[in-house]
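In what follows, a structure is listed as structure tokens, so that the remarks can point back to it.
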Amino acid sequence: MDPILRVQNVSKKFGGVEALKDVSLEVKRGSVTGLIGPNGSGKSTLFNVITGFYKPDFGSVYFEGKRIDGLNPDEVYNMGIARTFQTPRLFGPLTTLENMMLSPKGQKGESLLKAPLRKTWLNEEIQLANEVKNLLKEFDMDGLYKMFASDLSGGHVKMVETSKGILGRAKLILLDEPTAGVHYAVGKNLFEYINYLRKTYNLTFFIIEHRIDLLFDYVDYVYVLHMGRLLSEGTPEEVASDPKVIEAYIGGA
Amino acid sequence: MFDILSFLISWLPLFGIYAILSLCLNMEVGYAGMANFGLVAFYGIGAFVAGYTSITIFLTIYGYNYPIYSPEAIIAMGRVAGKTPWLNISVFILSLILAFLIAGLAGYLVSYPTLRVGPAFLGITILSFGEMLRVFMKHFAPTGGAYGMLGIPHPFAWIPDSAIKNTSFLILTLAILIGVLIYFELLANSPYGRVLKSIREDETASLCIGKPVPQIKARLLFVASGISGVAGALYAFYLGAVTPDMFITAVTFEVWSMVILGGRGNNFGALLGASVFSLLNRVTSILNFLFSDLPIDPNYFRWMITGALIVIILMYKPKGIIAEKPIKTEAWKIFGAYGETRRKLIAAILRIINYLKRAIYWLIGRETGYGPDIKGSKRE
């Protein structure tokens, strides 16, 4: 299968710290790909480079064959890459419904000129609301629509954040530690959910995760970053038995 | 002694102008989270643009060659202002449009270099912009320097009766206010309002769901600054004069206190705040006028009361008197929650009617309508 995302020789420096050194990797279409590594190994920096928050000092990023490094984050999202953050970033004082209605891209009613003309965006709005309703119902969350996002439980926040990518018609979703701060069973649920979404909506997932035990049950391919360099790659079994990875994690000399 | 109608005529135009300002500020601060500490700059730009254009057009049409701030020009303006109703009205409309465009453009340009940094930088930049503009205008000869411009032609100067003249202006101001309110309500209760709130809560996250944040903010600043400029133009026509020192930073903070008192992120809250503070302003001025032998000038009380109100509101109702509500679009209808407020309202009205009925029965002494039997029947 062709790669949906291709990162080529990306380097990124912050002052004297080399956060990424010549990293090249590929995410295959329709896969769940993992990205692991000890703290400070450059995983989040890599995500920030892919989504346009940082411009790489060197190298390039291709999404579906088009070069995307140098684009702004909103442009990257509009190409079809959604992301979540380590700490959930829903809009607290807004309701779940409003939070989810925000993610579809290119809404007519979001332009300053068309917003006062209700007729121009009414149908679109109703259609999107129906879509949100179905999605919430599908995962037994339809009672949550008028709760404020700040009142949602940790597990629900993660579910809502992940589903927002579907509403935004994303093709690739980058998840930054989806199971951080939730219980093992909830984390397992979340991965089941991710697996389900991948199959039904034809999505690709690229996941940073520290819970390797959870991650390895669900991913097809794993990349290991260490000190900004790609240390190892392969199927979960290959990576788990790689002595270099074990050394990096346990902390050798 | 106290004439309610003339009180309304002196209060409501001021209320209208301040309400337009607080609606603009509410759009920027309450919805989009942009700390605009320099609202007065755009207000002042509007006032100066309106004053300059209207006086220049009048003097040019009537063939006077005086500089617009000279005493001769002011006398000439007094002579010609009431002669041609169509000119007054069309100059007024033209001035409002120009005030909107120039103030809006100023807002857009000022915001441009600062939108990519945090909200505090935007606030400080616009704050200093407003203050520098005021000092600049004090030394800018073509608009009269520190003395400003006098003799701005009132749009209804051709009406001889001053009560009718003032009432017409009042109605015009309130009409513009209602227009602005409807426009902002439509903006707020749309997907656009939702995007603004998302920017207020978390700019980065908003950027991550494909919203071009700097562009949205700059455009909103254009519209809101432009409408502040219209308010400034109305103020210039209302007073008939503009001087740079009318546009000190305190005006901005007065509008801020209106928004904080009424409720951020709620247009009706902004209206309420504007009415409370403009009323306070009028009342203290009138008290000052009526009781001139008080040991303390009541105008000083106004600032004390303003401060006390802000502290009390922030302590007991930090969201303002009218708290923010989720935006109303048809999306709620899909979930069947659209008519909820309406149902609650009807229930509340019915309850009040019931209480009134019981109070009336009690007053006229009808024992049968009040007492255990009515309570019993209600439970069934």
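Here are the numbers:
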| read-out | value |
| --- | --- |
| Karplus 3J(HN,Hα) series, Hz, for region A:7-19 with 6.51 cos²θ - 1.76 cosθ + 1.60 (x for Gly, Pro) | 10, 10, 6, 7, 10, 8, 10, 10, x, x, 8, 8, 6 |
| Cα coordinate range in chain B, projected on the principal axes (Å, largest first) | 86, 62, 46 |
| Mean separation of Cα contacts under 8 Å, 6 or more apart, over the residue count of chain A: relative contact order % | 27 |
| Cross-link pairs beyond the 32 Å C-alpha cut-off, checked among A:Lys13/A:Lys244; A:Lys28/B:Lys333; A:Lys171/B:Lys325 | A:Lys28/B:Lys333; A:Lys171/B:Lys325 |
| For q = 0.13, 0.17 Å⁻¹, Debye-computed log10 I/I(0) when each Cα of region A:144-253 counts as one equal scatterer | -0.56, -0.89 |
| Efficiency of FRET from Cβ geometry, B:Asp3 and B:Phe253, R₀ 25 Å, rounded to 0.05 | 0.20 |
| All aspartates and glutamates inside 12 Å of A:Lys164 as judged from Cα atoms, apart from same-chain residues fewer than 8 positions distant | A:Glu98, A:Glu131 |
| Residue of B:Tyr108, B:Tyr147, B:Tyr300 that the Gaussian network model of chain B assigns the largest fluctuation, springs spanning Cα pairs under 10 Å | B:Tyr300 |
| Fluctuation leader among B:Gly179, B:Gly104, B:Gly44 - chain B, Gaussian network, Cα springs under 10 angstrom | B:Gly179 |
| Fraction of antiparallel bridges per DSSP, the protein assembly as shown only, in percent to nearest 5 | 60 |
| Label-point separation, B:Met132 to B:Leu186 (7 Å along Cα→Cβ), nm | 3.7 |
| Residue-averaged [θ]222 nm for the protein assembly as shown, counting only DSSP H segments that reach four residues, each worth -39500 (n - 2.57) | -18500 deg cm²/dmol |
| Charge dipole (debye, nearest 20) of chain A; +1 at Cβ of Lys and Arg, -1 at Cβ of Asp and Glu | 820 |
| P(r) of chain A over all Cα-Cα pairs, binned every 5 Å from zero, in whole percent | 1, 6, 13, 16, 19, 16, 12, 8, 5, 2, 1, 0, 0, 0 |
| Average beta-carbon neighbours from other chains, 10 Å sphere, peptide B:193-200 | 5 |
| Set A:Lys133/A:Lys158; A:Lys66/A:Lys108; A:Lys146/A:Lys188 screened for pairs whose C-alpha atoms are more than 24 Å apart | A:Lys66/A:Lys108; A:Lys146/A:Lys188 |
| Shielding by partners - mean other protein chain Cβ count within 10 Å, residues of B:212-222 | 2 |
| Normalised contact order of chain B, rounded percent, pairs of Cα under 8 Å and 6 or more residues apart | 28 |
| For A:Gly234, distant residues with modelled amide H under 5 Å away | A:Val222 |
| Inverse mean reciprocal Cα-Cα distance (Kirkwood Rh) of the protein assembly as shown, Å | 28.5 |
| Beta bridges by DSSP in chain A, antiparallel share as percent, to the nearest 5 | 55 |
| Residues of type aspartates and glutamates that B:Lys211 reaches as a straight line, Cα spacing below 12 Å, ignoring anything fewer than 8 places off in the same chain | A:Asp74, A:Glu75, A:Glu110, B:Asp202, B:Glu203 |
| Ellipsoid equivalent to region B:24-113 - semi-axes via the Cα gyration tensor, in Å | 33, 13, 10 |
| Cβ neighbours within 10 Å from other chains - mean over A:117-129 | 3 |
| All aspartates and glutamates inside 15 Å of A:Lys114 as judged from Cα atoms, apart from same-chain residues fewer than 8 positions distant | A:Glu124, A:Glu125, B:Glu185 |
| Cα gyration tensor category, rounded, prolate or oblate, for region A:19-75 with a/c compared to 1.5 | oblate |
| Integer Hz, Karplus 6.51/-1.76/1.60 couplings in order for region A:242-249, x for Gly and Pro | 6, x, 5, 5, 4, 5, 4, 7 |
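Readers should treat all values here as calculations from the given coordinates under stated rules, not as data from a laboratory. Keep in mind that this is a model prediction, so the values were computed, not measured. Cβ coordinates were reconstructed from backbone atoms using ideal geometry, including for glycine residues, and neighbour counts include every protein chain displayed.
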